[in-house]
Amino acid sequence: MRRDWDDRARENARFYVNTERQDWTDEQFVASGEQTVAEEVLTDMGNICQGKDPKQMRVLEIGCGAGRVTRALAGLFGEVYAVDISGEMVERARLFLRDRPNAQAFQNNGTDLSVLNPHAADGSFDFAFSTIVFQHIPSRAVIETYVREVARFLRPGALFKFQVQGYVEADGIAYESTPDDTWIGVTFSDDQAVELAERTGFEPRHRHGANEQYFWLWFFKR
């Protein structure tokens, strides 16, 4: 995964982060991230903030890419810590976030979130978010490890809102990616999403988009 996403970052990082266009300007890229946050975060502040002041919240983003959404999150929340497996993407994210001192991007190892251990204690995050990331991961085991690690860093009751690939073929059989496919990842059925939550210490309180490409999950830490 690291090799593929480093290559994509060198070729055209912003396109592979958001394939709506090939030639993103800074202004368009900023607006795109703000639109995502407007649609998926600002419309859901009750579940996300749970009465807390956003400016007093510490947020974790999984799969930050070139910092598109990270920047918008940093305009809303007090602290944002973002990780990505690609060092090339993280370099671009850090440049994109250079005027956002409350946002930090780290390259993680693809198996856990130990890169955050020197910077944040277990249970110290108030919200975690990930969009258009797990759809590219070809392994349920890797995704489960990420989810379990997010649970480690979230405080009890906090929300992890994220997407998985939910597409199933017409015969009801879930699409299975090949182990080396890092563009179209493994799918989750609704039952598999619920089982994932139960194994990793979350309550799967809401779900939207089962059987679709963008299957949103609201996992609340038990």
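Of note:
- Packing-based ranking, highest mean first, of 55-66, 183-194, 144-155 given that Cβ atoms within 10 Å are counted: 55-66, 144-155, 183-194
- Shape class of region 85-170 from the Cα gyration tensor (axes a ≥ b ≥ c, square roots of the eigenvalues): oblate, since a/c reaches 1.5 or more and a/b does not exceed b/c.
- Restricting attention to region 2-221, close to 40% of DSSP beta bridges with both partner residues there are antiparallel.
- Contact order relative to length of the chain, as percent, for alpha carbon pairs under 8 angstrom and 6 or more apart: 16 percent
- 10 Å-binned pair-distance histogram of region 2-221 (Cα, whole percent): 8, 36, 40, 15, 1
- Entry note, the chain: the mean residue ellipticity at 222 nm calculated from DSSP H runs of n ≥ 4, each adding -39500 (n - 2.57), is -10500 deg cm²/dmol after division by the residues and rounding to the nearest 500.
- Pairwise centroid distance, computed over Cα atoms, of region 201-219 with region 1-59, Å: 19 Å
- Descending semi-axes in Å of region 69-123, equivalent ellipsoid built from Cα gyration tensor: 18, 15, 8
- Highest-MSF residue in the chain out of Asp23, Asp181, Asp122 [GNM, Cα springs under 10 Å]: Asp23
- Cα lying deepest toward the dipole's positive end in region 59-165, options Ala105, Pro118, Ala66, charges on Cβ: Ala66
Every number here is computed from the coordinates shown, using simple stated rules; none is lab data. Fair warning: this is a prediction, and the values are worked out from it, not measured in the lab. Here the Cβ is made from the backbone with ideal geometry for all residues, glycine too, and neighbour counts use every protein chain on show.
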